[in-house]
Amino acid sequence: MISTLTAKTEDAGVRLDSFLAEQLTISRSAAARLLEEGLVTLDGRPLPKNYRLTGGETFTVEQPEPADTTVTAQDIPLDVVYEDEDVIVVNKPAGMVVHPAPGHPDGTLVNALLHHCGDSLSGIGGEKRPGIVHRIDRDTSGLIIAAKNDAAHLALSAQLADHTLARTYECLVTGGLHQDSGTVDAPIGRHPTDRKKMAVTQKNGRTAVTHWEVIVRYSGATHVRCRLETGRTHQIRVHMAYIGHPILGDTVYGAKKPVPGLTGQCLHAVGLRFIHPRTGEPVELSCPLPAEFQAYLCKLERRG
């Protein structure tokens, strides 16, 4: 399968393997393999994985047909919010990993989708990530979309790249936000000393924009709605911590001690809007906050 990817001005300076990994929703090592095998070209010329974008280039990517998946289908209950012949949208619980990875070989959303959908999943994500269009952290709950065929996957990935696939989150942050709304426009890249974390950084950072608005203020915490303009790894978690209000329960970017009664951080993908890849019609979906998130809100309300 051959596709084209065009770098934007804001991508200047980014390594090509990182760019491919994000645009194609594959691992960086998988992107590096495509480059090593000469399957990514610019004007017919293969490129090295450490090539840095200048912005505006259009790359041709030839992705091999996916091998038969070695990931096991597992009968894991799914909260399906929307499904048709092209896409499936699931309300993922906190604690569930999206795709198999070291330390999480099974019990993932992909294992569940393989059982639920059978052969009806796009192969673009490769054998470990079939159908996966975008990612949600393990300890974040809420709506995630998967594609059932390659045409749908390419269309949804394009919407993700141009921000027409809109994602809305609700979170509970520590402290009191003084303004009713705002925007965090700060580049995000790998943390300079901890490669497992992301950080606001100018060095190799990519444009990241999060719009937020206050829903309710409580004593010591604020219920916030966030809308992603971009979709960087850990974006909301990093941005809210950057402005001094980390998400409650986030032990990576906030307090290290877990919050009693919370499985993960109080961050939930509550809304999803996209253009249907077959009909061209807009689809807008939402799902309620998880029970423990609602229970913690009730606890804060009782405190006054």
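The values are calculated or read from the model by the stated rules, or taken from the named source; none is laboratory data. Given the structure is predicted, the values throughout are model-derived calculations rather than measurements. Glycine gets a Cβ as well: all are built from the backbone with ideal geometry, and neighbour counts include every protein chain shown. Ligands, DNA and RNA are excluded from the accessible area calculation, which covers all protein heavy atoms including side chains. Shrake-Rupley method; radii C 1.70, N 1.55, O 1.52, S 1.80 Å.
If you plug the beta carbon distance of VAL283 and GLU10 into 1/(1 + (r/R0)^6) with R0 = 30 Å, you get a FRET efficiency near 0.60. Taking label points 7 Å from Cα along the Cα-to-Cβ direction, ALA73 and LEU39 give a separation of 2.5 nm. Across all C-alpha atoms in the chain, the radius of gyration and Dmax reach 19.4, 65 Å. Scoring 141-150, 293-302 by mean Cβ neighbours within 10 Å over their residues and listing the highest first yields 141-150, 293-302.
Across the cross-link table entries LYS197/LYS256; LYS196/LYS299; LYS196/LYS257; LYS49/LYS196; LYS8/LYS203; LYS49/LYS92, which are compared at the Cα atoms, the separations over 23 Å belong to LYS196/LYS299; LYS49/LYS92. Cα-based values for region 169-293, radius of gyration first and Dmax second, are 15.4, 47 Å. Were the residues from SER29 through HIS104 laid out at 0.36 nm apart, the gain over their Cα-Cα distance would be 25.2 nm.
Ranking HIS134, SER18, LEU39 by Cα position along the charge dipole of region 1-158, where only Lys, Arg, Asp and Glu carry charges on their C-beta atoms, puts SER18 farthest toward the positive end. Assuming charge only on the beta carbon of Lys and Arg (+1) and of Asp and Glu (-1), the dipole of the chain about its Cα centre is about 1460 debye to the nearest 20.
Modelled this way, with points 7 Å down the Cα-to-C-beta line, the labels at ALA255 and ALA291 are 2.4 nm from one another. Considering all different alpha carbon pairs of region 53-166, the Kirkwood hydrodynamic radius works out to 14.7 Å. Using only side-chain charges placed at the Cβ, +1 for Lys and Arg and -1 for Asp and Glu, the dipole size of region 203-304 relative to its Cα centre rounds to 340 debye.
Split the accessible area of region 168-304 by element, probe 1.4 Å, and carbon with sulfur accounts for 50%.
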